[in-house]
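Q: The structure under discussion is supplied below as C-alpha cells; questions concerning it will follow.
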Amino acid sequence: MFNFKDVYLTDYFIVAGPLEKEHDVKKCDMYIDDYYFGEKTVEDAEIKMQRTVLNNLVNSNTELIIGGDLTNQLTALGSSTINKNIPVLGIYSACATMSASFLTLAGFIQGKFIREGIFLTSSHNLAAEKQFRFPVEYGAPKPYRSTFTATAAVGIKLSKTSSKIKVVNGLLGKVIDSYVKDVHNMGAIMAPGAATTLVDYLNQSKTEVKDYDLIITGDLGSTGSEIFKEILKKEHNIKINNHLDAGAIFYKDFEYAGASGPAVLPLILVTRIFNNKKYKKILCLATGSLHSPVLVNQKHSVPTICHAIYLEVV
Amino acid sequence: MNKKEYLKLVKKFTPKEKKLKNAFNAFLMGGTLGFIADGLKCLIVKWAHIPIKEATTWVLIIYIFLASLFTGLGFFDKLVMKFKCGLIVPITGFAHSITSSALDYKNDGLITGLGGYLFRLAGCILLYGIIAAFFLAILKVIIYV
C-alpha cells in the first residue's frame, strides 16, 4: 500500500475515436473521424493520437513521461515521444497499464524526484486487432462474451501543485492465474484479479466497500462484472452495490460484453466521473489480462493483474 | 476458489451463443450462394457457349473477385460476421481471408509484410486441404482400381 501526501491530478487531454463519439463518450477534447487520422497506417495513427495528447499537455514544467499501449515493443509510445526532450519510461500491464503508470508517476512525485509529470495510455482498435487477433477487414465472428478494443489516447498530468482531485493512495496488484484459456472471455480472465486486489486493498486500508462512493473497474465488461461480483459474494462475503464497470458502458448495441483497452478507464473517469458531484471518493481498479498470443497457442491459461488507486475529489 | 470451481462459475455467467440461429443464417446464406452459382453457371453455358466444366471455373472466379472487392470496399467483414460459415466455408471465405491479410500488411514491405503474411489465415486451409486431398486420392485409388 502506497500512501501519497501531496500528489494531485491537475490536467488531462483525451483524443477519442469515431465509435467512442457515437457511443456516448462525450466531452472528450478531440475526436478523430477516421481510424487513420490522416496517416498511412493504423500504427502511425496511434502514434499521432499520442503525439496530439502530448503536444497539448507537455510544457516546460514536465519532467517525466510514463506510459504504455497495447502494441508490441510499445511501438506507439516509442515513436510519439521522439524529440520531446523529456525522459520517458515505458510500462506494460495490458489494460492495467493506466494504473501501473499512474502509481509509478505518483511514486516519483511523492519521493520528491520530480514535481510534475504526465502519464499516457492509448489503444487503437485496428492496431490491437491486427496484433492480437485477425486482420482488420477479416470478419471473424465475435461471441457475445468478447470485448472490443476502444480507440483513444488519454494523457493525465500529476503534480505537486494542489487541485480538485487528490491522489490518496494505491496498491500494486499481484499476478493471478485465471485458469481461463478462452481469449474471447477477457471479463472472466480479469475478474479474479480485480477481486483479489480489491480484497487486498480493503484489508490493508482497513476500509469497507461502503466507505467509497464508487468502485470503478477497468474493462471487465458485462460478463466479467457479473463474475467479479459473484467471486466477492461467494469467496469473501462482500456485497457490492456501488460498482461500475467502465468497459460495460460502451458499445451496448454491438452485442458484445463491452470495451477493453488501457484507455477505457481514464476515458470514463475523466469524462463521466470527475464532473459528477455524486462521486467524491473513487476507488479505481484497472484490470489487465496479461495475454500473450504465443502462450495461448501453447495452451497456457491467461494470467491477470489489477492495480488499485484511490482518488478523492474535493 | 480452485480451478474447477472457478471455471464452473465462468461457464454459468458467460452468455450463450445462439447456435441454432447462427446455423440457420449460415445454411440460408450458403444455400443462396450455391443457388446463384448454379444459375450463373447455366447462364454462362447458355449464352457464352462455354462447356460446363469451364463454366464452373468462371463462376468461382466471379465469386473470388466479388468477395475480394467487397472486402476491399470494407463491408464484407460485416456480412461474414452475420452469416458466419455461410460465407466462410465457400470460396468467398478463402478470398476474404487473403484479401484482408493483404490489406493489413500492404504497408509492411513486399517480402516482410505482404509476402510473409498473405496466407496467414488461408495457409492452414491450403496445407490441410492438400493433405486431405492426398489421402482421399489414395482412398479413391484403392476403392476403384
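Q: Given the options B:L40, B:L33, B:L28, B:L73, name the one that is farther than 25 Å from A:G187 by Cβ, of a type in the set (A, V, I, L, M, F, W, C) and in contact with a Pro (Cβ under 6 Å, 6 or more places away or on another chain).
A: Exactly one of B:L40, B:L33, B:L28, B:L73 is farther than 25 Å from A:G187 by Cβ, of a type in the set (A, V, I, L, M, F, W, C) and in contact with a Pro (Cβ under 6 Å, 6 or more places away or on another chain), namely B:L33.
Q: Would you tally the residues in region B:7-43 being under 25 Å from the mean Cα position of the chain (by Cα) and over 23 Å from B:G93 (Cα atoms)?
A: Total meeting the criteria: 3.
Q: From the list A:K281, A:K234, exactly one residue is charged (D, E, K, R) and free of Cβ contacts under 8 Å to residues at least 40 places away in the same chain. Which is it?
A: A:K234
Q: Hey, can you tell me all the residues within region A:184-220 that are of a type in the set (A, V, I, L, M) and not in a helix (DSSP H, G or I)?
A: Correct list: A:L214, A:I215, A:I216, A:L220.
Q: Quick one: would you say A:A106 is within 27 Å of A:M186 (Cβ to Cβ), in contact with a Cys (Cβ under 7 Å, 6 or more places away or on another chain) and either crowded, with 24+ Cβ neighbours inside 10 Å or away from every other protein chain (no Cβ under 14 Å) (or both)?
A: The answer is no for A:A106.
Q: Tell me which residues, restricted to region B:94-113, are more than 9 Å from chain A (Cβ to nearest Cβ), part of a helix (DSSP H, G or I) and surrounded by fewer than 22 Cβ atoms within 10 Å (Cβ to Cβ).
A: Within region B:94-113, B:F94, B:L110, B:I111, B:T112, B:G113 qualify.
Q: Where the second residue is part of a helix (DSSP H, G or I) and the first is among the hydroxyl-bearing types (S, T, Y) and lies in region B:112-140, which pairs have Cβ atoms under 6 Å and are six or more apart or on separate chains?
A: As it stands, the answer is B:Y117/B:S101; B:Y117/B:Y105, since those pairs meet every condition given.
Q: Here is a further query. Can we say A:E116 is within 14 Å of chain B (Cβ to nearest Cβ) and among the charged types (D, E, K, R)?
A: no
No value in this document is a laboratory result; all are computed from the given coordinates. Note that the coordinates shown come from a computational prediction; the quantities given were computed from them, not determined experimentally. With ideal geometry, Cβ positions are generated from the backbone for all residues, glycine too; neighbour counts draw on all protein chains shown.
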